[in-house]
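Structure first, commentary second.
The values are calculated or read from the model by the stated rules, or taken from the named source; none is laboratory data. Not measured: the values here are computed from a predicted model. Cβ coordinates were reconstructed from backbone atoms using ideal geometry, including for glycine residues, and neighbour counts include every protein chain displayed.
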Amino acid sequence: MVEPPACSRTENGRPVVYESVEARCRACEVYGGIEEKCISDAESERIMAKTGRPCHRVDLSLGNSIPAAIIGWLRHPDLQPLAALMTQQILEPYTPEERALLLARVKFALSDDIVLGILHPAPK
């Protein structure tokens, strides 16, 4: 378990510690909150130059969380033998129509050149 980061503020002489990393990030100035960034300005600039965002954190849309979980099982060779079983379990609560849409998202993501470049980077 990752310990939620403390903020730059104190209450009663003690640093405020958030209940989760997500809560700390929501309070960050990057997302319109009152907390200072947890990374340096130099690191933020490096991330901005590389990704176009001032922070390394990326929130997936809820519509992509299930496809991301399935892709997680597919992308690691040691887990691939379990991928079909896990995909079946992950999709079990959904209707056939919802399953088809979720699998279409997986197919779409795995057909995207940017995603493929991340999953299979070119040798340096």
_When you check Ile39 against the structure, is it of a type in the set (Val, Ile, Thr) and over 19 Å from Leu116 (Cα atoms), yes or no?_
yes
*asked:* I'd like to verify a number: residues in region 3-13 that are outside any loop (DSSP other than H, G, I, E, B) and surrounded by fewer than 10 Cβ atoms within 10 Å (Cβ to Cβ), how many?
replied: 1
*Any chance you could count how many residues in region 40-67 are part of a helix (DSSP H, G or I) and surrounded by fewer than 14 Cβ atoms within 10 Å (Cβ to Cβ)?*
11
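Quick check: anything in region 76-83 touching a strand residue (DSSP E or B) at 6+ places or on another chain (Cβ under 9 Å) and either under 29 Å from Pro121 (Cβ atoms) or assigned to a helix (DSSP H, G or I) (or both)?
No, that holds for no residue.
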*Options Leu103, Leu60; residue that is hydrophobic (A, V, I, L, M, F, W, C) and modelled with pLDDT of 90 or more*: Leu103
*Search region 14-39 for residues being more than 13 Å from Arg57 (Cβ to Cβ) and touching a Pro at 6+ places or on another chain (Cβ under 7 Å), and hand back the single one that is surrounded by the fewest Cβ atoms within 10 Å (Cβ to Cβ).*
Glu19
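Does His76 count as more than 16 Å from the chain's Cα centre (by Cα), closer than 20 Å to Leu116 by Cα and surrounded by 10 or more Cβ atoms within 10 Å (Cβ to Cβ)?
So His76 fits the description; yes.
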